[in-house]
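Colleague: Below is the structure I would like to discuss, written out as structure tokens.
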Amino acid sequence: MKQAKKYLFSRGIDRMFIDAKEAFEFSVRFFRDVFRRPFHAGEIIHQSFEIGIRSLSLITLTGFIIGIVFTKQSRLPLEEFGATSWLPSLIGIAMVKALGPLVTALICAGKVGSGIGAELGSMKVTEQIDAMEVSAINPFKYLVVTRVTATTLMVPLLAAYFTFIGLYGSFLNVRLEESTSLTVFYQNAFSSIGFIDLYAAVAKSIVFGFTIGIVGTYKGFNATQGTRGVGRAANQAVIVTMFLIFIEEIVIVQITNWMRF
Amino acid sequence: MKKLQKHTININEPVITIAGLHKSFDELEVLKGIDFQLYKGENLAILGKSGSGKSVLIKIIIGLLKPDKGDVFVLGQQVDKIGIKALNKLRLRIGFSFQNSALYDSMSVYQNLTFPLTMNIKHLSRKEINHAVDEVLDAVGLLDKKKQMPSDLSGGQRKRIGIARTLILKPEIMLYDEPTSGLDPITSAEILDLINDVQQQYNTSSIIITHDLTCAKNTSDRIVMLLDGQFSKAGTFDEVFLSDNEQVKDFYHYNFID
């Protein structure tokens, strides 16, 4: 007679803990392999191009629109206090400290993370990853390390680009109402930003980029059950990445605030 | 269809030796004590129903799966006991043709062929790479498909390119996983001819995993039947299918023999 399988808590909760442990081991393996030869520099450049250049149009559009909308929405309350001159500083703080890294990461989680999950998931279920392994090619190094490195490098650059485009959108909106130059606007926007804020924004973007890469590759690399599994890998890559990004955002903001005082 | 031509089999030189091999997935025991040897120059067909563990067996041979128990020696090395570097070196001497070809669908045929070559052999000139590609494409009769993407190829062509991709590293052993599955009879016959041609041209020893008796009959020197996780019968085609074993008889009667 077939024995019922015993679980520590329940099937779902046990699976969650096992998944977390495996994802942790997967990340450890990344750090172990990233400094080992071969480095596949060509593939890292190719993936960086795929992730960076192909996300530019969406990042540009979103950053520009957010810059304009945020300025429009902030102007009225500031006008009530006669403090519209603070508008560039307010937009600068919002863009650099929060919106730039966070919105860029969320866009990349949806566009890049799901793409990585689906691509690797499809390679897994069609035995392309096994084909690499039997050809004596390390699929972890070629597929995972290159993609995670590329997302870790590109998300901070995209976040910086998003911030500048957002501020430019804001500048155009401010220019409609007041006479100001781009240089003065950017100077005012960055006047309330300290080194620690920039450091935190860059650190956040690096962590977000790493999360997008590692979750996408982990979900894809462990896809099962054919095409259904590919869809699930892409979907879970987005959900898990976004969840982790929000937690990381809270933790890094908290740490930055502690460091400030 | 071409028959497998006479060739030398060296029974004093086993290239694969498997003893007491067991493999389970959760409670399901797939392989229950497999013993066999593949000799140099021999083509061995392993027959069995779908889900009988045939593919698991060759995945253990190439080191994609680990056995639960038993010894697996390939070209003198114990596959499950050696490190990853030694295993990768060994894998360069083994060709693995996947059931669904497993071509890299983001790469062209040319890139599919050069990928394992350039990743494993450094400092090859463009001329040497192109020569190697042309040689294997010529061997599988698809010289004109170099620039095509895998999605543009038919099932038979994909199988051929999959075989070409393994041949580019000049393997000593070929492992074919269901080489004729999903193909029409004419294309199947062409793939069987190709398996025999590969044996002749590259002097390989091969394991052909199949449930297709026509394939087994035309490509192998020896056949073994995998039934209920064990090898039940081994020998030439006639020796196996003149057996009194009911399961072997059933297998024979449900297959079409030309």
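The values are calculated or read from the model by the stated rules, or taken from the named source; none is laboratory data. A quick note: this is a predicted structure, and the numbers were derived from the prediction, not measured. Ideal geometry is used to build each Cβ from the backbone, glycine not excepted, and the neighbour counts take in all protein chains shown.
Residue-by-condition table, conditions (1) among the polar types (S, T, N, Q); (2) in contact with an Asp or Glu (Cβ under 9 Å, 6 or more places away or on another chain); (3) assigned to a strand (DSSP E or B):
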residue: B:LYS217; (1), (2), (3): no, yes, no
residue: B:LEU226; (1), (2), (3): no, no, yes
residue: B:PHE231; (1), (2), (3): no, yes, yes
residue: B:PHE251; (1), (2), (3): no, no, no
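Colleague: Shifting gears a bit: If you go through the stretch B:156-177, how many residues are in contact (Cβ under 8 Å) with a residue 60 or more places away in the chain, within 12 Å of chain A (Cβ to nearest Cβ) and farther than 17 Å from B:THR114 by Cβ?
Modeller: Residues in the stretch B:156-177 being in contact (Cβ under 8 Å) with a residue 60 or more places away in the chain, within 12 Å of chain A (Cβ to nearest Cβ) and farther than 17 Å from B:THR114 by Cβ: 4 in total.
Colleague: Have a look at A:PHE9, A:PHE39 and point out the one that is more than 16 Å from A:PHE221 (Cα to Cα), surrounded by 13 or more Cβ atoms within 10 Å (Cβ to Cβ), more than 12 Å from chain B (Cβ to nearest Cβ) and not charged (D, E, K, R).
Modeller: A:PHE39
Colleague: Another question, then. Looking only at the stretch B:89-119, filter to residues that are of a type in the set (Lys, Arg) and outside any loop (DSSP other than H, G, I, E, B); which one of those is farthest from the chain's Cα centre (by Cα)?
Modeller: Step by step, filter the stretch B:89-119, then rank; the result is B:LYS89.
Colleague: So A:SER181 fits all but one of (1) within 14 Å of another protein chain (Cβ to nearest Cβ); (2) free of Cβ contacts under 8 Å to residues at least 12 places away in the same chain; what number is the exception?
Modeller: It fails just one condition, (1).
Colleague: Among A:THR241, A:THR211, A:THR217, A:THR224, which is within 25 Å of A:GLU25 (Cβ to Cβ), touching a residue at least 12 places away in the same chain (Cβ under 8 Å) and surrounded by fewer than 18 Cβ atoms within 10 Å (Cβ to Cβ)?
Modeller: The match here is A:THR224.
Colleague: Another question, then. Just checking, which of A:LYS124, A:LYS111, A:LYS72 is of a type in the set (Lys, Arg), surrounded by 20 or more Cβ atoms within 10 Å (Cβ to Cβ), more than 24 Å from A:TYR199 (Cα to Cα) and in contact with a helix residue (DSSP H, G or I) (Cβ under 8 Å, 6 or more places away or on another chain)?
Modeller: Testing whether each residue is of a type in the set (Lys, Arg), surrounded by 20 or more Cβ atoms within 10 Å (Cβ to Cβ), more than 24 Å from A:TYR199 (Cα to Cα) and in contact with a helix residue (DSSP H, G or I) (Cβ under 8 Å, 6 or more places away or on another chain) leaves just A:LYS124.
Colleague: Go over the candidates B:GLY70, B:GLY41, B:GLY51 one by one and state the one that is more than 27 Å from B:LEU192 (Cβ to Cβ) and surrounded by fewer than 20 Cβ atoms within 10 Å (Cβ to Cβ).
Modeller: B:GLY70
Colleague: Quick one: in the stretch A:138-152, which of the residues that are surrounded by fewer than 20 Cβ atoms within 10 Å (Cβ to Cβ) and either within 9 Å of chain B (Cβ to nearest Cβ) or of a type outside the set (Phe, Trp, Tyr) (or both) is farthest from A:ALA98 (Cα to Cα)?
Modeller: Once the filter is applied, the top-ranked residue is A:ASN138.
Colleague: Can you give me the number of residues within the stretch A:205-214 that are under 17 Å from A:ASP33 (Cβ atoms) and among the aliphatic types (A, V, I, L, M)?
Modeller: Residues meeting the conditions: 1.
Colleague: Quick check on the stretch A:188-208. Is at least one of its residues at pLDDT 95 or above, out of contact with any Phe, Trp or Tyr (no Cβ under 7 Å at 6 or more places or on another chain), of a type in the set (Ser, Thr, Tyr) and part of a helix (DSSP H, G or I)?
Modeller: yes
Colleague: Between a first residue in the stretch B:81-105 that is facing another protein chain (nearest Cβ under 7 Å) and a second residue that is aromatic (Phe, Trp, Tyr), which pairs have beta carbons less than 8 Å apart while being 6 or more apart in sequence or on different chains?
Modeller: As it stands, the answer is B:TYR104/B:PHE115, since those pairs meet every condition given.
Colleague: Another one. Which of the numbered conditions does B:MET174 fail, given that it passes all the others? Conditions: (1) farther than 22 Å from B:ILE9 by Cα; (2) in a strand (DSSP E or B).
Modeller: Going through (1) farther than 22 Å from B:ILE9 by Cα; (2) in a strand (DSSP E or B) one by one, B:MET174 breaks only (1).
Colleague: Which condition breaks for B:VAL30 when tested against (1) at pLDDT 95 or above; (2) among the aliphatic types (A, V, I, L, M); (3) surrounded by 18 or more Cβ atoms within 10 Å (Cβ to Cβ)?
Modeller: Unmet condition: (1).
Colleague: Being outside any helix (DSSP H, G or I), more than 20 Å from the chain's Cα centre (by Cα) and away from every other protein chain (no Cβ under 11 Å) is the filter here; which residues of the stretch B:120-140 pass it?
Modeller: Listed by number, the residues that qualify are B:HIS123, B:LEU124, B:SER125.
Colleague: If you scan the stretch A:20-59, which residues turn out to be of a type in the set (Lys, Arg) and under 18 Å from the mean Cα position of the chain (by Cα)?
Modeller: Hit for the stretch A:20-59 is A:ARG54, nothing else.
Colleague: If the requirement is being more than 14 Å from every other protein chain (Cβ to nearest Cβ), more than 24 Å from A:PHE246 (Cα to Cα), assigned to a helix (DSSP H, G or I) and modelled with pLDDT of 95 or more, which of these qualifies: A:ILE129, A:ILE107, A:ILE45, A:ILE66?
Modeller: Only one candidate passes the filter, namely A:ILE45.
Colleague: Restricting attention to the stretch A:48-55, does a residue exist that is in a helix (DSSP H, G or I), under 19 Å from A:ILE245 (Cα atoms), in contact with a helix residue (DSSP H, G or I) (Cβ under 8 Å, 6 or more places away or on another chain) and not small (Gly, Ala, Ser)?
Modeller: yes
Colleague: What about B:ALA19, is it exposed (fewer than 15 other Cβ atoms within 10 Å of the Cβ), of a type in the set (A, V, I, L, M) and touching a strand residue (DSSP E or B) at 6+ places or on another chain (Cβ under 8 Å)?
Modeller: So B:ALA19 passes the test.
Colleague: Return a yes/no flag: does the stretch A:177-188 have any residue that is small (Gly, Ala, Ser), surrounded by fewer than 23 Cβ atoms within 10 Å (Cβ to Cβ) and within 30 Å of A:ILE45 (Cβ to Cβ).
Modeller: no
Colleague: Consider A:SER122 carefully, then state whether it is in a helix (DSSP H, G or I), among the hydroxyl-bearing types (Ser, Thr, Tyr) and at pLDDT below 95.
Modeller: No.
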